[in-house]
Amino acid sequence: GTFLIAGALTKGSIILTHTKPKDLTTVIERLRYSGVKIKKLNSNSIQVTGPDKLKSQDITTSPYPGFPTDMQAQFSVLMTQAEGTSIISETIFDRRFAHINELLRMGANIEISTDKAIIKGKTFLSGAEITATDLRASASLVLAGLIANGKTVINEAHHLDRGYEKLEVKLKSLGARIERLQD
């Protein structure tokens, strides 16, 4: 799901192999609703192509087969680039909006109201020195850094290692200007 959103955000075209598109049905449906082109190539490969304009939408997390809470942070970054207002309601985990403060530092227009993030887009993000607080927040901040103007430095990026193997290497192979700095 994170790579699908990376392709959508960067207006790129990415082929994902060794995936299970049927496990991503809800995420794919929501991406398509926003205008992202997704084509199933075979039972374990899909192609994502980012649109010129993204459509805003409201999302509510829910247990499988609903919209996964694990994609909420990444989708919030996507909605910063959509035209209009989006509301993301988090129903699974309290305090799952830790990434929002960092996105605000990058220029996002987001307001938190209890379990809802109200995102007004399209906003242009600017590079900043930001801090990741958990795995999903880390992934969302990397996505934001991919589209931000200027340099983005993500502190505490070690959180990524719990769920993404060599994320920076994979993104670099797709053309991203990204590197992992050692402390």
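The values are calculated or read from the model by the stated rules, or taken from the named source; none is laboratory data. Keep in mind the model is a prediction, meaning the values are calculated, not measured. Here the Cβ positions follow ideal geometry from the backbone for every residue, glycine too, while neighbour counts run over all protein chains shown. Accessible surface is based on the protein model in full, side chains and every heavy atom, while ligands, DNA and RNA are left aside. Shrake-Rupley method; radii C 1.70, N 1.55, O 1.52, S 1.80 Å.
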Exercise for the section: With an 8 Å cut-off on Cα pairs and a minimum separation of 6 or more residues, tell me the relative contact order of the chain in percent. Expected result: 17 percent
Completion exercise
Sorted by chain and number, the residues with a modelled amide H under 5 Å from that of L54, at a separation of 5 or more or across chains, are E83
Practice task
Compute the Cα gyration tensor for the range 1-47, then decide on rounded, prolate or oblate, letting a ≥ b ≥ c be the square roots of its eigenvalues: rounded whenever a/c is under 1.5, prolate when a/b is larger than b/c in the other cases, and oblate in all that remain.
Solution key: oblate
Handout entry: Volume per residue that the Cα convex hull of the range 35-183 spans, once the total is divided by residue count, Å³
Key = 124 Å³
Exercise for the section: Could you check the simple spin-label distance between K122 and D23, using points 7 Å along Cα→Cβ, in nm with one decimal? Expected result: 3.3 nm
Exercise for the section: Measure off, as a whole percent, the carbon and sulfur share of the 1.4 Å-probe accessible area of the chain, all protein chains present. Expected result: 48 percent
Problem - Cross-link pairs beyond the 24 Å C-alpha cut-off, checked among K55/K166; K22/K122; K55/K116; K116/K151; K40/K122; K40/K170 - result: K55/K166; K22/K122; K116/K151; K40/K122
Problem - Pairwise label distance in nanometres, K172 with N155, each label 7 Å out on the Cα-Cβ vector - result: 2.4 nm
Problem - Surface accessible to a 1.4 Å probe, per residue, for the residues of the range 32-97, Å² - result: 49 Å²
Fill in the blank from the handout: With every protein chain kept in place and a 1.4 Å probe, the range 124-183 has an accessible area per residue in Å² of 62 Å²
Fill in the blank from the handout: In whole µm²/s, the translational diffusion coefficient that Stokes-Einstein assigns to the range 46-96, given a Kirkwood hydrodynamic radius over C-alpha pairs, 25 °C and 0.890 mPa s, equals 206 µm²/s
